[in-house]
Amino acid sequence: MSIVIVTGASAGIGLAAAKKFLSEGFKVFNLSRRPCPDSRVRSFSIDLSSPDLDEVVEGLLCKEFEESKGANIHLVHNAARLENDSSINTYNETLEKVMRVNVLAQNTLNRFFLPLMGKDSSVIFVGSTLSEKAVPGSFSYVTSKHAQIGMMRSLCQDLVGTGIHTATICPGFTDTEMLREHVADDALSSIAELNAFQRLIEPAEIAQTIYWASQNPVINGSVIHANLGQIER
């Protein structure tokens, strides 16, 4: 049995990824505060921002995953926190909250799950167009997404010889709850015009890319831009 563990599979890209892996015969687990609405997915209620995440994940592993050691396991780091903040006046408290979800939680999950992963497993990060550039008002998110790429590339080097590969998928503007929470409805059409196809990306399109990356170790260590050809202005 092949396994995929998706963070934030309760909605958006995470939910679409869970459904894609289910369609391919995987046993799917969701780690998030909210359960996955697809009853075929086994959900664990976990707050990825918790300072006690190590203890929570360790208990989870002992109960659920120890017998899976050596299996084909894919870890999809999808969950993310976004704040509209500035590098000029953001307090460390805000930056820490974002880094806990977007970077520290991923490090914790890597540390616990990697020893269980067999050959042909993968660690896939869901990045952003802001993983390699910046825009005003997204300081902590930009900082964390840049850090994710560093983590992914470091993993690629440290996992040499294990048969486990890594990649970061950087979606463009995707029609998710997070996007709609931070972009006004009347601005969505303008956002959609920022790629060559002049439409928002569907979560299922990113899910397909995540699945493909998990099954193709030739892209080990790569950053994959899934943005319909973003227009740079």
Q) Hey, which of the helices (runs of 4 or more DSSP H) in segment 145-233, taking only ones fully inside, have at least 2 residues that are touching a helix residue (DSSP H, G or I) at 6+ places or on another chain (Cβ under 9 Å), open to solvent by 20 Å² or more (accessible area, probe 1.4 Å) and at pLDDT 90 or above? A) 203-215
Q: Could you please tell me which pairs satisfy a Cβ distance under 8 Å, a separation of 6+ or placement on different chains, a first residue in segment 17-40 that is over 27 Å from residue 100 (Cβ atoms), and a second residue that is open to solvent by 20 Å² or more (accessible area, probe 1.4 Å) and small (Gly, Ala, Ser)?
A: 19/204; 20/204; 25/2; 26/2; 27/2
Q: Filter segment 1-40 down to residues that are in a strand (DSSP E or B) and open to solvent by less than 20 Å² (accessible area, probe 1.4 Å), then give me how many there are.
A: 10
**Q.** Complete set of residues in segment 113-130 that are modelled with pLDDT of 95 or more and surrounded by fewer than 23 Cβ atoms within 10 Å (Cβ to Cβ)
**A.** 113, 114, 115, 116, 118, 119, 120
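The values are calculated or read from the model by the stated rules, or taken from the named source; none is laboratory data. Predicted model, so just to flag it, every value in this text is computed and none were measured. FYI the Cβ positions are ideal-geometry reconstructions off the backbone, even for glycines, and counts take in every protein chain you see. SASA here: full protein model, heavy atoms, side chains in, ligands and nucleic acids out. Shrake-Rupley method; radii C 1.70, N 1.55, O 1.52, S 1.80 Å.
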